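Structure first, commentary second.
The values are calculated or read from the model by the stated rules, or taken from the named source; none is laboratory data. Everything numeric in this text was worked out from a predicted model, so none of it was measured. All Cβ positions, glycine included, derive from the backbone under ideal geometry; neighbour counts span all protein chains shown. Please note that ligands, DNA and RNA were not included when accessible areas were found on the heavy atoms of the full protein model with its side chains. Shrake-Rupley method; radii C 1.70, N 1.55, O 1.52, S 1.80 Å.
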Amino acid sequence: MKDTTMTHETLDKAKAHLGRLIGFDTTSAKSNRAIIDHMADHFAGLGADITILPDETGDKANLIARFGPEGEPGIVLSGHTDVVPARGANWKTPPFEMDERDGRLYGRGSCDMKGFAACVMAAAPGFAAATLNRPLYLCFSHDEEVGCLGAPAIARHLAALDVPPMLAIIGEPSEMKLVTGQKGKIAMRAHVRGTAGHSSFAPSHVNALEYAARIIALIQDRGRAYAETGPFDPDFTVPHATMLATTIEGGIATNVTPDRCTFTFELRSIDETRARPDMEALLAEAETRLLPEMQAISADAGIEWEEIFAYPAMGDATGTPGFEALRHILPEWGGKVSYGSEGGVFEVQGGIPSVIVGPGSIKQAHKADEFVDIAQLDLCLHFLDRIAGFAAKR
């Protein structure tokens, strides 16, 4: 595939769209209805068929905008509307106001992943003007950053069509390279229940914080085992599964034995068939080793496990009819990634093979002064032209 060096004619429009999208504070804890309505109005004004899928609260929603005819296997262009929080004082400019400097566009979500959404909005007039013989489904979800919570409703809706899409293209930041695999994730919370008392009588108490630390040590051991013994897939940015603790809270004073400790941990898997068994084995090991000790001191002591969220890995779409039909217009291969996306959801819950192609680098995501290179948006716009060209062919 040969990339053009000419600046795309709609690049300024993409930048303007991105500025407006960044202006919506769509941190996952907040509603995304305003940005969904904004995007829906834009696509509807161009003649798209609009479907809005609200969640049970009505505060969050997914958007599906279709250009082109029903009854043919089409292409999904998928992104999420939520962003991670923009806390801290390290931003040079306000995080929800776009700033352009040094060939980059700064702002929360500029890279992950409103840059892709802005390119799709800028490309949409071209979709509307073209005589499409296959549909393009522009899909934008809520709450991807907290577990891909919105994407399942989109996947189910598309799977129920008389003719489902042939391929989903997820616009997560991949530096506009083709990504053909993504790890799955299980995020857990552990509640360790001990007994409190004056710390001078510590041997008579169940120290919840110390038992939590021992569970975390087991988690660390499993993480090391993945790194040492695999299984391995060298195509991933991290070529093995990972398991680690991520947050912890417990204790009330330096002279009180803590009776409560809560911590979170995660497993990112490369082998979908092993993820659940591996997690269950960890929980069983922790209970077998530690519960007898804890309950020998107090029958009230215990460990409770809570699954926060889980999403499936995205398999390799290479060889599927949709992938092979688009192979000639897909960009160069960039391997497989360790971060999450909605690709696994589309594949597992919708039966739609998926790949990742999007502007920006994941290295810039979730940071202060998040940015996307303007040149990446330009590449994305040229790529979307090729997608429209494919959809217009018979």
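At a glance:
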read-out: Once the Cα gyration tensor of region 248-378 is diagonalised, semi-axes √(5λ) in Å; value: 43, 22, 10
read-out: Loop GluC sites (Glu not before Pro), region 305-394, which have at most 11 other Cβ atoms in a 10 Å radius of their Cβ (DSSP); value: Glu332
read-out: Per residue value of the accessible surface for the chain (all protein chains in place, 1.4 Å probe), Å²; value: 43 Å²
read-out: At most 13 other Cβ within 10 Å, DSSP loop - GluC sites (Glu not before Pro), region 48-103; value: Glu56, Glu70, Glu97
read-out: Greater than 30 Å apart at Cα, pairs in Lys183/Lys393; Lys92/Lys363; Lys30/Lys393; Lys92/Lys185; value: Lys183/Lys393; Lys30/Lys393; Lys92/Lys185
read-out: Per-residue SASA entry for Asp37, accessible area with 1.4 Å probe, Å² rounded to 10; value: 60 Å²
read-out: Accessible heavy-atom area order of Trp305, Trp91, Trp333, highest first, probe of 1.4 Å; value: Trp333, Trp305, Trp91
read-out: Those Cys residues of the chain for which no other cysteine Cβ falls under 4.7 Å; value: Cys111, Cys139, Cys148, Cys261
read-out: The chain, relative contact order [Cα under 8 Å, separation at least 6], %; value: 26 percent
read-out: Region 89-149: trypsin sites (Lys or Arg not before Pro) in DSSP loop, at most 10 other beta carbons within 10 Å; value: Lys92
read-out: Surface share of carbon and sulfur [accessible, 1.4 angstrom probe, percent] for the chain; value: 51 percent
read-out: Region 267-333 versus region 44-123: alpha-carbon centroid distance in Å; value: 28 Å
read-out: Shape call, region 86-202: gyration tensor on alpha carbons, a/c limit 1.5; value: oblate
read-out: Overall Cα dimensions of region 1-159 - principal axes, largest extent first, Å; value: 51, 45, 29
read-out: Region 41-131 shape via C-alpha gyration tensor axes, a/c threshold 1.5; value: oblate
